[in-house]
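> Before we start, here is the structure in question, set down as structure tokens.
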Amino acid sequence: MTALEIAPAPAADAAGTAELVTAARLGPAQAQGVFRAVLDALARPGTVTRFPSDVPGVVPSALLPVLALADLGTGVHILEEDGSRRWSDVVSVATDAPAVPLEKARLAAAVRPVAAEEIPRLARGTADAPEDGAVLCLPVTALEGGASAWRLSGPGVPGERDIAPRSVPEGFVAARAEAVGGFPAGVDLLLAAPDGRVMGLPRSTTVTIVADAVDEATDAMAEEED
């Protein structure tokens, strides 16, 4: 799979942090635009929508749902490189939302590649309180052209829809299946590309691997030999 490359945050000095906080404080129209994009992405799984284009480019796309939706009563968690709390601190100051462990977060985002084993650690809520399940936004390099093709079905998908996001973690589909296995409890996922495009995978969606690049290449070679 293509390695996920994410630009590092500026150097950790007070001035740089202040600039990031200023950039991360979304205006009302920007926050509304992000909110609408999130709702649309989760209502129509596998379709591409877009975050507002006027958000400062220094802010990673995957952080936007947290910046738009978090408040004093919403526990958040930012997945960063080991030892770094740069973006966690920026989000905390920009939103006043409390930072909590991944397992307790209602909103989570990643500014580094996500490991598949981190997805089942997300809060899933319960059958009586499914709204307590987490929303995680993770970065991808693109929403198409990935090494594996997935078939989506379920509410919001007319029939079936095939997608192939690029640079998702290995084992993603199985890890997500575990995290949504107790529906209506479960987690909702958003895939955010660097250009601001976003795609939703709500817990109600069934995701099946239908093809991967290795299988397709093998089939093509077999056809040529025949």
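> Out of G154, G133, which single residue is open to solvent by 20 Å² or more (accessible area, probe 1.4 Å), at pLDDT 95 or above, within 14 Å of L42 (Cβ to Cβ) and of a type in the set (G, A, S)? Spell out how you get there, then give the answer.
Values: G133 fails: open to solvent by 20 Å² or more (accessible area, probe 1.4 Å).
The conditions single out G154.
> Ok, one more. If a residue has to be part of a loop (DSSP other than H, G, I, E, B) and either open to solvent by less than 50 Å² (accessible area, probe 1.4 Å) or over 14 Å from V90 (Cβ atoms) (or both) to count, how many in the stretch 57-77 make the cut? If you could, list the steps in order and put the result at the bottom.
Pass one, the stretch 57-77, residues part of a loop (DSSP other than H, G, I, E, B): 57-60, 70-75.
Now restrict to residues that are either open to solvent by less than 50 Å² (accessible area, probe 1.4 Å) or over 14 Å from V90 (Cβ atoms) (or both): 57, 59-60, 70-75.
The total comes to 9.
> May I pose another question? Restricting to the stretch 195-213, name every residue that is polar (S, T, N, Q) and either open to solvent by less than 30 Å² (accessible area, probe 1.4 Å) or part of a strand (DSSP E or B) (or both).
Residues satisfying the conditions are T205, T206, T208.
> Could you please give the count of residues in the stretch 170-182 that are under 16 Å from A211 (Cα atoms) and open to solvent by 20 Å² or more (accessible area, probe 1.4 Å)?
4
> Out of everything in the stretch 157-169 that is in contact with a Leu (Cβ under 6 Å, 6 or more places away or on another chain) and not polar (S, T, N, Q), what residue ends up being most open to solvent (accessible area, probe 1.4 Å)?
R161
> Next question. Can you tell me which residue is farthest from the chain's Cα centre (by Cα) among those in the stretch 78-112 that are in a loop (DSSP other than H, G, I, E, B) and at pLDDT below 95?
G83
The values are calculated or read from the model by the stated rules, or taken from the named source; none is laboratory data. Source: prediction; values computed, not measured. Neighbour counts run over all protein chains shown; Cβ positions are idealised from the backbone, glycine included. Surface areas here come from the heavy atoms of the whole protein model, side chains and all, with no ligands, DNA or RNA. Shrake-Rupley method; radii C 1.70, N 1.55, O 1.52, S 1.80 Å.
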